[in-house]
Amino acid sequence: MGADPVIVVAAVLVGLCVGSFLNVCILRLPRDQSLLRPRSTCPNCKQPIAWRDNIPLFSWLWLRGKCRWCHKPIAKQYPLIEALVGVLFGVSLLVYGMTWHALLLGIAITDARHYIIPDEFTWGGLVIGLLLALGGGVQGFLQALLGAAVGFVLLWLVGMAGTWVFKEEAMGGGDVKMMAMVGSFVGWRGVLLTVFAGAALGSLIFIPLSIKKKRLVPFGVFLAVGAVVAFVFGDAIIAWYGHFLKGD
């Protein structure tokens with residue numbers, strides 16, 4: 001908790017930039033568009049956005065949420081995600097050190113909007129998780145590898161079972177790959193907790209909404225929330241469950 005204020009501010013600024021990049025990913029990856037070209041333009045008047053109008057959060061505030069040229073409103077998604085990731089990076093640095101919540105945020109929003117989880121998030125996150133696990137030596141890397149394998153196989157089996165029961169695809173490939181990524185960070189126990197929490201939350205929200213009308217379930221959103229639960233509270237929940245089984 002005694003982090004240098006300058007480092008915390010730097011983390012927030014980095015988070016704002018990551019949030020800005022996540023906005024680009026969320027909008028472009030589902031359309032198979034390049035993340036680099038063309039440069040960003042106003043969706044209304046199509047004017048290219050100058051660098052001074054593309055500074056995360058600050059430009060939106062300076063322009064009062066409107067395009068400099070056509071004065072049409074700029075979607076609130078942009079500053080909200082940038083601010084959320086900025087705060088997330090700052091708080092994460094204070095409490096846990098740098099974490100992977102930005103990836104989960106990108107996955108959740110992309111899945112909610114487009115029912116797609118891009119490979120750049122899942123496979124890229126898996127590589128990051130395994131590389132970070134190397135800091136724990138061979139044992140740490142093997143634990144991360146086991147977590148990734150359990151996450152992938154478990155969701156694949158759930159998807160196959162759901163397809164057999166409902167006679168239609170029940171689990172997207174993006175969800176399966178996402179759990180491999182999650183497993184590399186939280187381990188196999190965290191995977192079980194993530195899936196349980198995600199399924200419970202998804203059921204509570206979507207079953208009532210789907211009684212009259214069938215709806216697609218963006219399961220990645222709920223898996224992302226479950227992964228945060230596993231990451232932050234996983235050790236405490238698993239310890240409590242162990243004591244519960246023993247009757248302590």
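The values are calculated or read from the model by the stated rules, or taken from the named source; none is laboratory data. On a predicted model such as this, the values are computed, not experimentally measured, just so you know. Neighbour counts run over all protein chains shown; Cβ positions are idealised from the backbone, glycine included. Just so you know, the surface numbers come from the protein's heavy atoms only, side chains and all, with ligands and any DNA or RNA stripped out. Shrake-Rupley method; radii C 1.70, N 1.55, O 1.52, S 1.80 Å.
Here are some notes:
- Of the criteria (1) open to solvent by 40 Å² or more (accessible area, probe 1.4 Å); (2) touching a Pro at 6+ places or on another chain (Cβ under 6 Å); (3) part of a helix (DSSP H, G or I), which one Ser20 fails: (1)
- Pairs meeting the criteria (first residue in the stretch 157-179 and over 21 Å from Val191 (Cβ atoms), second residue surrounded by 12 or more Cβ atoms within 10 Å (Cβ to Cβ), beta carbons under 8 Å, at least 6 apart or on different chains) are Glu169/Gly159; Glu169/Thr163.
- Cβ pairs under 6 Å, 6+ apart, first in the stretch 134-150 and of a type outside the set (Ser, Thr, Tyr), second not in a helix (DSSP H, G or I): none
- Some residue of the stretch 50-59 being hydroxyl-bearing (Ser, Thr, Tyr) and under 25 Å from His114 (Cα atoms): no
- Take the conditions (1) open to solvent by less than 80 Å² (accessible area, probe 1.4 Å); (2) over 20 Å from the mean Cα position of the chain (by Cα); Val6 misses just one of them, which is (1).
Condition check ((1) out of contact with any strand residue (DSSP E or B) (no Cβ under 9 Å at 6 or more places or on another chain); (2) open to solvent by 30 Å² or more (accessible area, probe 1.4 Å); (3) over 23 Å from Gln33 (Cα atoms); (4) at pLDDT below 85) across all residues:
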| site | (1), (2), (3), (4) |
| --- | --- |
| Leu104 | yes, no, no, yes |
| Ile117 | yes, no, no, yes |
| Trp123 | yes, yes, no, no |
| Leu132 | yes, yes, yes, yes |
| Gly151 | yes, no, yes, no |
| Leu157 | yes, yes, yes, no |
| Val182 | yes, no, yes, no |
| Ala199 | yes, yes, yes, no |
| Ser203 | yes, yes, yes, yes |
